[in-house]
Amino acid sequence: MSSRASVSNLICSSRRPAMVAAAGGELQRKLQGLLGWLLPVLSNIQMMFGHDPGLNTERKVETAVTDFVLDGSKTTSIAHKVWRSVVRPGDTVIDATCGNGHDTLELARLVIQDENAGFVIGLDLQQSAIDNTTSLLDRELEPKKRGKVNLLQLCHSQLDKIVDEASVRLVCFNLGYQPGGDKSFITRAESTVSAVRAAAKVIQPQGLISIMSYVGHPGGQEEFEAVREFVASLPSSDWVCSHLEWTNRPLCPHLIFVLRK
Ligand SMILES: C[S@@+](CC[C@H](N)C(=O)[O-])C[C@H]1O[C@@H](n2cnc3c(N)ncnc32)[C@H](O)[C@@H]1O
């Protein structure tokens, strides 16, 4: 079955047949419009993860995308579901904006199985972020696993200086300001684009750069556009790039995924 066909089936045989059957012409037109917009995105995402049938990745990505379309799930939860389709125990991964540590903790749970395998690097420029992430990890991880997470107070544009080229499975960015922290201390377009460029150097084949970009704060829209422009310039022979947004919730974060083929 082609990815387009399977995506159509996914939507047509969705969990809400009664709703779809009751749809009048108006709703049907809207669904068709949505489908036209969605199919290329879904195909891209399916292509991204078609590499590992052993992990049933297609099913996991379909679940993430179905939740995105039908439930309006939180952007973070969609991103985490996609990560789960890519990351394996034993991988090295980087949280490029650790903030309060929730994404770092999620990554640690995905890659660290014992003291011998899996490694997480968490970066943030602010001491308060390093402190909050440290507290969360100390509380939530057993000591052996905690020892496999390294937190560094460092600008993410330097991340290619701390790991080898093509050695990292996933680099995630959650842009903007630290929740509950100083709202004037934000990620900035120029350093973020440098950091995504650095991430592209360290990502291994079949590895993913995941970027959550907020547009509701000053500078956020410019940063998002700068990142999107850089990502759009990556050659499609080597990279699969996709972008998810809630079209009728303009202040919701955008999700950009960049998979190295
Ligand atoms: C939205 S928060 C991250 C939230 C975090 N992922 C979590 O789970 O709580 C963005 C973070 O990026 C950090 N930041 C800003 N500029 C940075 C830079 N150049 N390098 C690394 N981190 C930066 C901020 O200090 C802030 O903590």
Label-point separation in nm, LYS261 to SER236, each point 7 Å along Cα→Cβ: 1.0 nm
Could you give the length gained by full extension between THR247 and ARG139, i.e. 0.36 nm per residue of separation minus their alpha carbon distance, to one decimal place? 35.1 nm
A 28 angstrom limit on the alpha carbon distance is what I want to check against. Which of LYS144/LYS261; LYS145/LYS261; LYS145/LYS183; LYS148/LYS183; LYS148/LYS201; LYS81/LYS145 exceed it? LYS144/LYS261; LYS145/LYS261; LYS145/LYS183; LYS148/LYS183
Taking θ as phi - 60°, what are the ³J(HN,Hα) couplings along the stretch 162-178 by the Karplus curve (6.51, -1.76, 1.60), each to the nearest whole Hz, with x for Gly and Pro? 10, 9, 6, 4, 6, 10, 10, 7, 8, 10, 10, 10, 10, 7, x, 10, 5
Want the number for ASN116 to LEU152: 0.36 nm per residue separation, take away the alpha-carbon distance, what's left? 10.9 nm
Within the stretch 92-191, the percent of DSSP beta bridges that are antiparallel, given to the nearest 5, stands at 15 percent
Could you rank the peptides 189-196, 160-167, 106-113, 117-124 by their average count of other C-beta atoms within 10 Å per residue, with the highest value first? 117-124, 106-113, 189-196, 160-167
Would you please put 243-253, 73-83 in order of how densely packed they are, using the mean number of other Cβ atoms within 10 angstrom per residue and starting with the highest? 73-83, 243-253
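Coordinate-derived values only; no laboratory data. In this text, all values refer to a predicted model and were calculated from it rather than measured experimentally. Methodologically, a virtual Cβ is constructed for each residue, glycine included, from the backbone with ideal geometry; neighbour enumeration extends over all protein chains shown.
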